[in-house]
1. Checking the condition more than 19 Å from the chain's Cα centre (by Cα), crowded, with 24+ Cβ neighbours inside 10 Å and of a type outside the set (Gly, Ala, Ser), which residue from Ile139, Ile106, Ile99 passes?
2. Could you list all residues from the range 336-366 that are surrounded by 22 or more Cβ atoms within 10 Å (Cβ to Cβ), within 15 Å of Thr386 (Cα to Cα) and in contact (Cβ under 8 Å) with a residue 60 or more places away in the chain?
3. Among all residue pairs at least 6 apart or on different chains, which show Cβ distances below 6 Å where the first residue, located in the range 80-96, is over 17 Å from Asn443 (Cα atoms) and the second is modelled with pLDDT under 95?
4. If you scan the range 259-288, which residues turn out to be touching a residue at least 40 places away in the same chain (Cβ under 8 Å) and aliphatic (A, V, I, L, M)?
5. If you go through the range 375-390 one residue at a time, do you hit one that is in contact with a helix residue (DSSP H, G or I) (Cβ under 7 Å, 6 or more places away or on another chain), of a type in the set (Gly, Ala, Ser) and either modelled with pLDDT under 95 or within 18 Å of Ala211 (Cβ to Cβ) (or both)?
6. Give the number of residues within the range 378-394 that are in a helix (DSSP H, G or I), buried (at least 22 other Cβ atoms within 10 Å of the Cβ) and out of contact with any Asp or Glu (no Cβ under 7 Å at 6 or more places or on another chain).
7. Look at Ala280 and say whether it is crowded, with 22+ Cβ neighbours inside 10 Å, more than 19 Å from the chain's Cα centre (by Cα) and farther than 30 Å from Ile208 by Cα.
Amino acid sequence: MKKIIIALTLPCVMLATSCSKFVDGYETSPNNTTKATGPLVLSGAELGLMSVYTGTPARATAILTQQLGGTADQMLAYDMYDIKEGDANNDWNNIFNNIIQPCNDIVANYSQGNSHNKGIALIVKAMALGVATDLWGDIPAKEAGMGIINGNFTPKYDAQKDVYTYIQSLLDEGITALKESKPDIREVGGNDFFFGGDLDRWTNTAYILKARYAIHLSKKNPADASTQALEALKNVNKDFGDLRTVYGTPTNENNQWYQFKMGRAALLRMGAQLINMMNASNDPRLSVYADTAKGGVYRGALPASEDLSASRVGRYMADTISPITLVGYVEAAFIKAEANFRLGKQSEAAAAYNDAVLTHVKNATGKDAPAAFVTGYASETAATITLEKIMSQKYVALFAQIESYTDWRRTGFPVLTPNPDNVLNKPAIPRRFPTDINERLYNPNAVRVTDILKPVWWDE
């Protein structure tokens, strides 16, 4: 941060007490504050959220769904299904210490006169809990991240069913807080890296999230999950934009995927599953999704092939300042398509699907989809739309998002062939992460799971 330097060129000829009054307060820099504010704490939580959604969890789940190929070191381990209890320790800590804890701090200590700051914090917390429960199953939720507030450093674990109820309640509470219009409410402003304090856009995001977590329960009760998702989507406006990460041109502000690509070039390549799908459809997004391999072609790495000649991740995800969508309209449109299809409303499903595909092509490439692609992949009707088509195109659109791993587990699409040489010696793809090692060692309330083939509750 910038430092304030005071240079006094004139001698102080006044009494000592007068000099003391003259410099009073200058010993503390306003840019190096000793006391946090609610918006400042929110900034930290948002940075933590960006790190989780675009960091190792995103790479690992993209490898498990074969959108990417792990070609060396820890990324190859995920390709081999060699996932140990300490592998995701940093991500677990990031979720609970750098996101959930500061969000709790905002609610407990920085909500007075700033309910909008509180509302955003509740939505950010819901997103963090969503990632944690989808990857680990039962997790601390209601008591999580409260150690510095009430001294509870060993929170109880909540069943995933209850975590999902809690997430929806956080989103509802957040929406309510955002709608408060008291004249004394302070602005969040630039401390909100995502939307600059734009409450309409945050409210819009919250409703998409409500639809996301509703449709996740499609295996439990498909009709109810679909109905709840569509109800939430009634409040979504395409014009309010997507929740996306933001990056800067200085090296230490660059896109995380770009930094990984440059610093750990041997660890990651595009996956054969995704590349083959996009090659087969002559997908116009392929040129921005992937760099060309030798011979000017696009080629993906097969699971555990260690194929360093395969295409690297392209500029759509991994350029210096490429923004990455965490929650957005395209996902909402695909959810709308799936929910309508499950309720037997094929015409509505087809329309939402076509909208989702065409919107994403335009978002990714900056151009309208070519006519041949529109005819083959974005002109579905009530007679031709299927769940497999919806989920397969959503898989392409939500490239390297954790949502794709959730979608594959609950729908089975696209159909994936497990790595035959995996360390589990079983023809199955992992369906979860094992319990974090520190939780097992230091939290007596931890629900320990070592079997990464065991489905989480909503996947049963």
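The values are calculated or read from the model by the stated rules, or taken from the named source; none is laboratory data. These numbers were taken from a predicted model, which means no experiment stands behind them. Ideal geometry is used to build each Cβ from the backbone, glycine not excepted, and the neighbour counts take in all protein chains shown.
1. None of the other options fit; the residue is Ile106.
2. Lys336, Glu338, Ala339, Asn340
3. Met80/Ala304
4. Within the range 259-288, Ala265, Ala266, Leu267, Leu268, Met270, Ala272, Leu274, Met277, Met278, Val288 meet the criteria.
5. no
6. Matching residues across the range 378-394 total 1.
7. no
For every residue, the table says whether it meets (1) touching a Ser or Thr at 6+ places or on another chain (Cβ under 9 Å); (2) within 28 Å of Ile83 (Cα to Cα); (3) buried (at least 17 other Cβ atoms within 10 Å of the Cβ).
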{"position": "Asn152", "(1), (2), (3)": "no, no, no"}
{"position": "Gln160", "(1), (2), (3)": "yes, yes, yes"}
{"position": "Tyr164", "(1), (2), (3)": "yes, yes, yes"}
{"position": "Ala177", "(1), (2), (3)": "yes, no, yes"}
{"position": "Ser181", "(1), (2), (3)": "no, no, no"}
